[in-house]
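Undergrad: The structure follows.
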Amino acid sequence: MEKKTITNKTKPEVTRFLGREKTEGNRKIAQKVFKIVKKEEPFLVTQAPFVRSVNTVSRKMGVFILALSPLLGVAFFERGSLFLPQLGHAVLAAFVFEIVGSIIFKRPLRFWNGNVILLALAFLFLIPQQVTWWGIWFALFFGIFLGRESLGGLGKYRLHPSILALLSLTIFFPEFFLRFSTPMNLMYPAIPQELSINPSVLFFKGSEYALPQWPICVGALYLLAKKAIRWQTPFVYLASIAVLSFVLGKNPLVEILSGSILLVAFFVLTEWSSSPLTGKAQALYALIAGVITEVSRTWVGSPEAVILGVLAAQMFTPVLDRYIRIRSRA
Amino acid sequence: MAGIEIALHHDVSLLDPVIKTPDTPSAVVIPLLQHRGIIAKPIVSVGDRVFKGQVIADSNEPGALPVHASISGRVSSVGPAVHPKEGIHVSIAITSDGQDQWKQGCHVEQTQDDLKSLSSENLIQMSREFGLCDLRSGEITHQKLKEGIESSVDTLILNAAHMEPFVTSDSILIKLKAVEILRGFEWLVRASGASKAYIVFSERDFENQEIISSKLFSLKISNIEIVQSKGQYPYDIESNLLSEVLKKKVPLKTKPEDVGVHFYSLATAFAFYEAVQWRKPLIERVVTVSGVCVVYPQNVWARIGMSYESVFEVCGGLLRYPYRLILGSSMTGTSQTDLQTPVIKNTDAILALPKEDTPFHESESCIRCGDCIPVCPVSINPAMIVEDAMNQQWKKAFKFSPDLCVECGNCTYVCPSKIPMVEWIKETKNQLEAI
């Protein structure tokens, strides 16, 4: 019987072949077979850098959609039969309008990046639960088609399409908001008086008309942990509302937890295309939005105050971007 | 300090820690433009016999630098040839005679007595005579030394904090030639008349810092100090290094000369050592050959004028046809089109990368996410510059100080829409210069 010994030949040797582990034998074969390979096609010429991070638009949108998923789950459990048709119609309408828009305006189809899903979801949590399917299609025609596609699609709009959709709904179909004394999915001030005194009920339980607010906070923590949003926008917005409502003699906690203030702070105002770029500009932008929201809640009496606040602040975005620079020109 | 955590891939070419000396190449093509400045006139003609280290082009003009033959043989042509950065440029081609014979008086080790008498002027004259330029940026060394004396620069910094993905030509020099680098740096300090000398390392490069500090200790060199700089890629932002060395806050726009400091690269110090100690002209340098397509990624002593193809052959050839051929690192390099392109004085690395490592990305429109702002090492707003540049609004873009950009590539690296942001910022800078 031959004794099996480990010789140098059979012993695997770690080499630097491709930076991975390969045996000595493989290395020799490679050397024999491949010399300078024949020229197949010209080398690709671009400017540096040649490597890119894994960061993509769809990944960034996915983080937002994941952050909205606790709210989706709660809405599904609390009012599934009312909520599911709304969800289906909103997402379908958003897709249809984006596809139609890219065909009409001759752009490559890019609907899989998730931007319209995000806009549709944000819109869905801003409207009353009784809005019919044609109401959703009508509003999203304004929001997605006129407010997003006609301006150039992804990244080109400067006003939030969901807010524009909500605005069109309040203007053309005010009965959705009036008949049920403004019962939005998360609506102010539909809460009965005894509920409004207790913020913990608003936070954990919700009411007949309003969903609880804790899923938004869970999503917001996820966004902040992932660094998908900066802290400036939501915190300055919430702080300005809290301070102003305290000065006006209301309970700041109730004021923040009622209506869609939290949703707007974390998911609407932080939308990239319509908000300023730098932290300083974002703080000022959120301050404008907060003050106008609180003022219109107190005196104007609009059905949903956030519309005015958000749109007014987003009008200032180009100006803030241009004149609040990180570094002034020396 | 803003920046990004980046994979350096240094292990690919450092697994075998040697600098491979190849056989004498059969032919070289030496471009006359290898530095920042103007080109010298060829002083040889076709058919002339040249020796290794012989001057083949020279000029008396201040921006010019002599060019030396890197092999012995006969001049086969003088005329346009491929240049790594300029496309086509005038070059001198030499065919080897196989003897690899040094010119009389070159490559002779100098004794201590010869070196003691050298004054600052001698050293500056030497750096011109042996064709020294900065082996990274291409600045002419003797001009830089003279300017330093005129503007009373009293601090020299050896920049060892420069680390780029894949490029290990500096790192391997520290590992194998630490003493030579230190001696060369001492000569540089003596030539510039500076009183203080520092070596800066990145905190990520602790291993090389230990090597240098142990050599400083054992050689009893007391006038060179080691400074550690903090921060992420890019590791060698000049204002950052200056504030670490001078221990005070230095504004971003400061040039090193304004605070009496000059930076020198490691490879330059080594080349200066060889020029002074060995009277050896700059005819070869360490080039990192790396990337997944190369059979043996490693560092090579490449003669100036060797074609990329022959450098790859030294490293076992190419495993497969690369998708991109890159001069320099994968973050700041230049795309190359031809395998016959020659190695020049500031070629620090040649990379052959496949498609799966460096795919081509279609760019989408900017979603204004602002990811490029926190990673910018000079805290400018790349997103606004690019937005204005895309609309040809150059004057609006200038207000966001694109001139501060160091072209590190961080903004393009993180951009989710894959917009070539550095390209747009470079274009804006060109427009700014045109006005």
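Undergrad: Given the criteria of a type outside the set (Val, Ile, Thr) and open to solvent by 20 Å² or more (accessible area, probe 1.4 Å), does B:Gln340 qualify?
TA: Yes; evaluated as a whole, the condition is true for this residue.
Undergrad: Looking at (1) facing chain A (nearest Cβ under 10 Å); (2) buried (at least 22 other Cβ atoms within 10 Å of the Cβ); (3) part of a helix (DSSP H, G or I), which is the only condition B:Val386 fails?
TA: (1)
Undergrad: Specify which of the listed residues (B:Tyr296, B:Tyr321) is crowded, with 21+ Cβ neighbours inside 10 Å, modelled with pLDDT under 90 and not in a helix (DSSP H, G or I).
TA: Checking each option against the conditions leaves just B:Tyr296.
Undergrad: Being within 15 Å of A:Gln47 (Cβ to Cβ), among the aliphatic types (A, V, I, L, M) and facing chain A (nearest Cβ under 8 Å) is the filter here, so list the residues in segment B:414-430 that pass it.
TA: If the condition is that a residue be within 15 Å of A:Gln47 (Cβ to Cβ), among the aliphatic types (A, V, I, L, M) and facing chain A (nearest Cβ under 8 Å), then B:Val422 is the only one that fits.
Undergrad: Could you grab me the full set of residues in segment B:363-376 that are more than 7 Å from chain A (Cβ to nearest Cβ) and in contact with a Lys or Arg (Cβ under 7 Å, 6 or more places away or on another chain)?
TA: If the condition is that a residue be more than 7 Å from chain A (Cβ to nearest Cβ) and in contact with a Lys or Arg (Cβ under 7 Å, 6 or more places away or on another chain), then B:Ser363 is the only one that fits.
Undergrad: Continuing with this model, one more query. Considering only residues that are more than 21 Å from A:Thr56 (Cβ to Cβ), facing another protein chain (nearest Cβ under 7 Å) and either surrounded by 24 or more Cβ atoms within 10 Å (Cβ to Cβ) or among the hydrophobic types (A, V, I, L, M, F, W, C) (or both), which ones fall in segment B:395-413?
TA: Residue satisfying the conditions is B:Phe400 alone.
Undergrad: Across segment A:126-157, what is the total count of residues that are crowded, with 16+ Cβ neighbours inside 10 Å and within 14 Å of another protein chain (Cβ to nearest Cβ)?
TA: So the count comes out to 7.
Undergrad: Among B:Thr95, B:Thr21, which is the only one that is away from every other protein chain (no Cβ under 14 Å) and farther than 22 Å from B:Thr268 by Cα?
TA: B:Thr95
Undergrad: A follow-up question, please. Any chance segment B:184-193 includes a residue that's closer than 14 Å to B:Phe270 by Cβ, among the charged types (D, E, K, R) and within 18 Å of the chain's Cα centre (by Cα)?
TA: no
Undergrad: Residues of segment B:68-95 being assigned to a strand (DSSP E or B), of a type in the set (S, T, N, Q) and either open to solvent by 10 Å² or more (accessible area, probe 1.4 Å) or touching an Asp or Glu at 6+ places or on another chain (Cβ under 8 Å) (or both), which ones?
TA: Answer for segment B:68-95, where residues must be assigned to a strand (DSSP E or B), of a type in the set (S, T, N, Q) and either open to solvent by 10 Å² or more (accessible area, probe 1.4 Å) or touching an Asp or Glu at 6+ places or on another chain (Cβ under 8 Å) (or both): B:Ser76, B:Ser77, B:Thr95.
Undergrad: Of the residues that sit in segment A:171-198 and are crowded, with 18+ Cβ neighbours inside 10 Å and either closer than 18 Å to A:Leu311 by Cβ or not assigned by TED's automatic domain parsing to the domain that holds A:Val264 (or both), which one is modelled with the highest pLDDT?
TA: Among them, the one singled out is A:Phe177.
Undergrad: Tell me which residues, restricted to segment A:261-313, are charged (D, E, K, R), part of a helix (DSSP H, G or I) and at pLDDT 90 or above.
TA: The answer is A:Lys280, and nothing else.
Undergrad: With respect to the numbered conditions (1) under 30 Å from A:Gln282 (Cβ atoms); (2) outside any helix (DSSP H, G or I); (3) facing another protein chain (nearest Cβ under 8 Å); (4) touching a strand residue (DSSP E or B) at 6+ places or on another chain (Cβ under 7 Å), which one is the sole condition not fulfilled by B:Ser335?
TA: (1)
Undergrad: Let me ask something else. Within segment B:301-312, is even one residue open to solvent by 10 Å² or more (accessible area, probe 1.4 Å), away from chain A (no Cβ under 11 Å), at pLDDT 90 or above and under 28 Å from B:Val90 (Cα atoms)?
TA: yes
Undergrad: Could you tell me which residue of segment B:166-200 is farthest from B:Cys293 (Cα to Cα), considering only residues that are open to solvent by less than 30 Å² (accessible area, probe 1.4 Å) and among the hydroxyl-bearing types (Ser, Thr, Tyr)?
TA: B:Ser192
Undergrad: Only one residue in A:Val116, A:Val96, A:Val74, A:Val100 is open to solvent by 10 Å² or more (accessible area, probe 1.4 Å), within 19 Å of the chain's Cα centre (by Cα) and either in the same structural domain as A:Leu269 (by TED's automatic domain parsing) or touching a residue at least 60 places away in the same chain (Cβ under 8 Å) (or both), so which one is that?
TA: The match here is A:Val74.
Undergrad: Something else now. Can you tell me which residue within segment B:340-361, out of those that are at the interface with another protein chain (Cβ under 9 Å from one of its Cβ atoms) and free of Cβ contacts under 8 Å to residues at least 60 places away in the same chain, is farthest from the chain's Cα centre (by Cα)?
TA: It comes out as B:His361.
The values are calculated or read from the model by the stated rules, or taken from the named source; none is laboratory data. Since we're looking at a predicted model, the values are computed, not measured. Virtual Cβ from ideal backbone geometry, glycine too; neighbours counted across all protein chains shown. We work out accessible area using only protein heavy atoms, side chains counted, and drop any ligands, DNA or RNA first. Shrake-Rupley method; radii C 1.70, N 1.55, O 1.52, S 1.80 Å.
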